[in-house]
Amino acid sequence: MDQAVVAREAAVPRIVCKFGGSSLASAEQLLKVRAIIEADPRRSIIVPSAPGKRDPADTKVTDLLYLCHHAASMNSDFSAPLAQITERFTAIERELGMQPMIQVHLERFRDQLAAGVSADFAASRGEHFSGLLLAAWLGAEFVEPAECVVIGANGLVDPATWPLLGARLEDSARRYVVPGFYGRDASGEVRTFSRGGSDVSGAVAARAAHASLYENWTDVSGLLMADPRIVPNPRPMAEVTYAEIRELSYMGASVLHEEAMAPVREVGIPVNIRNTNEPDHPGTRIVAELSPEVIQSTQIAGVAGKASFAMITIGKHLMNREVGFVYRLLGVLEHNGIPFEHCPSAIDSVSVVVEARWLEGRVDSLLDEIRRTLEPDELEFVPNIALIAIVGEEMARTPGIAAKVFGALAAAGVNVRLINQGASELNIIVGVAPEDYAAALRSIYSAFVG
């Protein structure tokens, strides 16, 4: 068994709670956060984001921080956005009845901006100030990420983080606040994570502390089986595996990014997506293996898709006997710096599906190079195609899944342009015309969920 798993099972159970910007946008929201934390003594490691929007017309604190840095770097006046930031934090402090303390930190930040700081340092202050406030209000110990979270040159967490942060969080009887989104690089300079920053920080803290659970608190009650902008009132997922989330995320579903999943996935720490505004809702659990109850009650995890692809199809007689044909085709893409998504094939034809954005302004030159390199009998370019992924761990063991998918599409009058299924049978991908995308997604969802 993995040493990290052994340590986690032997230790006092601890839960890491990451709270998103919407959960920390106002004093009213922070009251909800405190009630959630105090409802379970195992919730002893808190990872806050910067305050988010209080209403649709509001501006995120992180966006204001970038404005401050940009103005300061141009030797311009940054007092207006800094005044907005100051108002946000001092208002929260005042409305919670706290002893004033954040103003001193904000004034120091003003001097740091004037002296010149990096964009990463400026952007990190939203989480930093949020963490200082939360730690003071909860009576918790503040942990400075720049001292114990190391971010590599690739933007990912460096393994040196595990012992450094683990040592700072080792007392299971204490409550800690670890601001999200940032750490330091190898030279000691503040650096932010590239994407889903605080989500990554929460996963990092969970792994370093050998937590029993990582709770990600946001403004939705878990993940949905389909895009609610296309499918009315889609069913929430009670449970989903890391692998299923990876597939759904790749196809555009709004879930935790792979970078935020990797630290906990590698050691098997489950993740629970919860709603700060509806704390009694169980949300969605992300696990290594589905429970027997979920396996018995569902055939698929979800349906997701994107209408942003293009497809090139090459046909050539006896292609299957021509050694290196697909190798040379992919070499043309490599030569042009174009990554491919899928490569379905038949005996005398092969297709490559790529993100359409990679082909902007270069379709003709790319097709000419394919003609010169492969001398195909036929060459077809489809500029727009939508892909839909039907994802589920149990699909490989459930007869009739494919029949249900294509029966639903036929009943909806949708023509299928592409079919692809990996060897793992974790998903089935179908390609349809962009104008059929919404109808196809709804028909597939309805076939499995009703």
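Would you mind pulling out the separation of the Cα centroids of region 89-132 and region 393-422, in Å?
Taking the Cα centre of each part, region 89-132 and region 393-422 sit 53 Å apart.
Which FRET efficiency value, to the nearest 0.05, is calculated for residue 433 and residue 12 with the Förster distance at 60 angstrom and r the Cβ-Cβ distance?
0.60
Looking at region 210-268, which GluC sites (Glu not before Pro) are in a loop (DSSP not H, G, I, E or B) and have at most 14 other Cβ atoms within 10 Å?
Sites meeting the loop and neighbour criteria: 266.
If R0 is 25 Å, what FRET efficiency do you get for residue 280 and residue 235 from their C-beta distance, rounded to 0.05?
Values: r = 19 Å, r/R0 = 0.74.
After rounding to 0.05, the efficiency reads 0.85.
Just the number, please: carbon plus sulfur as a percent of the accessible area of region 209-350, 1.4 Å probe, no ligands or DNA/RNA counted.
53
For region 275-431, what are Rg and Dmax over the alpha carbons, in angstrom?
In order Rg, Dmax, the Cα atoms of region 275-431 give 19.5, 63 Å.
So which helices of the chain fit the span-like rule, where a helix is a whole DSSP H run, its Cα atoms reach 24 Å or more along the axis, and its mean Kyte-Doolittle is at least -0.5? Display every interim value, and only then the final one.
Details: long enough: 119-138 (29 Å, 0.59).
In the chain, the long hydrophobic H runs are 119-138.
Given a 1.4 Å probe and the protein chains all in place, what does the accessible area of residue 181 round to, in Å² to the nearest 10?
Surface accessible to solvent at residue 181 totals approximately 30 Å².
How far is it, in nm, from the label point at residue 105 to the one at residue 323 when both lie 7 Å from their Cα along the line to the Cβ?
Result: 6.6 nm between the two label points.
Under a point-charge model restricted to the Cβ atoms of Lys and Arg (+1) and Asp and Glu (-1), what is the dipole moment magnitude of the chain relative to its Cα centre, in debye to the nearest 20? Mind showing how you got there, number by number?
On the way: 40 positive and 56 negative charges, 120 e Å.
Around 580 debye, computed over the chain.
For region 122-179, run through the trypsin sites (Lys or Arg not before Pro) and keep only the ones in DSSP coil with at most 12 other Cβ atoms within 10 Å of their Cβ.
The qualifying sites are 174.
What is the Cα coordinate range of region 48-138 on the first, second and third principal axes, sorted by size from largest, in whole angstrom?
Principal axes ranked by extent give 37, 29, 20 Å for the Cα atoms.
Sorted from largest to smallest, which semi-axis lengths in Å does the alpha carbon gyration tensor of region 4-162 give for its equivalent ellipsoid, taking the root of 5 times each eigenvalue?
The answer is 29, 21, 13 Å, longest axis first.
With every protein chain kept in place and ligands, DNA and RNA left out, what is the accessible area per residue of the chain? Probe 1.4 Å, answer in Å².
Per-residue accessible area for the chain comes out at 45 Å².
For the charge dipole of the chain, defined by +1 on Lys and Arg C-beta atoms and -1 on Asp and Glu C-beta atoms about the Cα centroid, which residue among 385, 12, 448 has the Cα displaced farthest towards the positive pole?
About the Cα centre, the residue reaching furthest to the positive side is 12.
Find the all-direction average of the projected area of the Cα convex hull for region 114-175, expressing the result in square nanometres with one decimal place. Working shown, then result.
Numbers: hull surface 21.9 nm².
Dividing the Cα hull surface by four gives the mean projection, 5.5 nm².
Bins of 10 Å, beginning at zero and ending with the bin holding the largest distance: percent of Cα pairs per bin for the chain, please.
4, 18, 24, 23, 18, 10, 3, 0
Once Rh is set to the Kirkwood radius over Cα pairs, what Stokes-Einstein translational diffusion coefficient, in µm²/s, holds for region 81-207 at a temperature of 4 °C and a viscosity of 1.567 mPa s?
It comes out at roughly 85 µm²/s.
Take the alpha carbon atoms of region 123-267, find their radius of gyration, then divide it by 2.2 N^0.38 Å using N residues; give the quotient.
So region 123-267 has a normalised radius of gyration of 1.11.
The values are calculated or read from the model by the stated rules, or taken from the named source; none is laboratory data. Worth saying up front: this structure is predicted, and the values here are computed from it rather than measured. All Cβ positions, glycine included, derive from the backbone under ideal geometry; neighbour counts span all protein chains shown. Note: areas computed on protein heavy atoms with side chains; ligands, DNA, RNA excluded. Shrake-Rupley method; radii C 1.70, N 1.55, O 1.52, S 1.80 Å.
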